[in-house]
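Here the structure is laid out as structure tokens; the discussion comes afterwards.
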Amino acid sequence: MISRGERMANYVILSVFAAFALYPIVVILAAALGPADSGGTAGLANFAAAWEIGRFGSYLRTSLFVSVFVVVVSVVLSVMSGYAFGTMRFRGQSVLFYLFMLGIMMPSEAVAVPLYFDLRSLGLIDTFWSISLPQVALSVAFGTFWMRAYFRASNRAIVEAARIDGASSWRILWQVLLPPARPAVVTLTVLVFMWTWNEFLIPLIMVTSESLRTAPLGLAFFQGQYTSGFTLLAAGSVIVATPVVVFYLFLQRHFVRGLLQGAVRD
């Protein structure tokens, strides 16, 4: 049993780490709400000015379309591939699985340049697909590992009972195994959404049109071309980060539950 002194020490340590984590956020928010460097605007007017000058409406729309597409396709493919690797046995299974794992072990920086030339040969550079398809591939690699671990730890008795009742593999996946796997799927959804929304390198390399810039890429151009002041840049940073924060807070309960269930246990 934890003593009162140990409990207080834990609270102190956690408070210190929380202060370190929250300090940059507080600084950015204070700067975004403070008076502008030119002395013109202050408070919420800084967000309106940053939105108009930085054209964040277009950038956020592109990021939203890309993120939704990547999340939907990646999660569906990850569930199916994780189910296959976690519950089935077939020839070449181990080799194929470790081939999937290369997507986790290899950073995107290592494949960005070869991928650019491959997509250019297919005529996909500077298109929606050049941003979304590489991120689908990277996300499916992790998603397969994540869902495979969950399905391998699932109740085998339920699966066998469903097979005895004549259920097909497709029906076992979607009607038997997937409903209890909602926390793991939600956790995967949140992770893929955050990774896709914050991705910077792939959009930077793959697109040149301003209409296809994502929010992080637009923020970088906003810093370099439109303003040199820290206040509007802080406001733009808050605008770009807000959708991720809202999405996480909305699904926080399921996200934590998925982690506590040990979805990556093998």
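The values are calculated or read from the model by the stated rules, or taken from the named source; none is laboratory data. Values in this document were obtained by computation on a predicted structure and should not be read as measured data. FYI the Cβ positions are ideal-geometry reconstructions off the backbone, even for glycines, and counts take in every protein chain you see. With ligands, DNA and RNA removed, areas are computed over all heavy atoms of the protein, side chains included. Shrake-Rupley method; radii C 1.70, N 1.55, O 1.52, S 1.80 Å.
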Approximate spin-label separation Asn10-Ile104, in nm, with each point projected 7 Å along Cα-to-Cβ
2.9
In square angstrom, what is the accessible area per residue of the chain with a 1.4 angstrom probe?
56
Helix-only [θ]222 nm of the chain, DSSP H runs n ≥ 4, -39500 (n - 2.57) each, per residue, nearest 500
-24000 deg cm²/dmol
Can you compute the radius of gyration and Dmax for segment 108-210, using only the Cα atoms, both in Å?
18.5, 56
Distances longer than 35 Å among the Cα atoms of the chain: what percent of all pairs is that?
32
With the crude spin-label approximation of a point 7 Å out along Cα→Cβ, what separation in nm comes out for Arg152 versus Phe17?
2.8
Using the Kyte-Doolittle scale, which helices in the chain average at least 1.0 and also have C-alpha atoms spread 30 Å or more along the helix axis, with helices defined as whole DSSP H runs?
4-33, 56-87
Which percent of the accessible area of the chain is formed by carbon and sulfur heavy atoms (probe 1.4 angstrom)?
68
Test of understanding: in a Gaussian network model of the chain with alpha carbons linked when under 10 Å, which of Ala18, Ala149, Ala30 would top the mean-square fluctuation ranking?
Ala18
Let me make sure I get this right: for segment 179-251, a, b and c are the square roots of the gyration tensor eigenvalues over alpha carbons, sorted descending. Under 1.5 in a/c it's rounded, otherwise prolate if a/b > b/c, else oblate. Which is it?
oblate
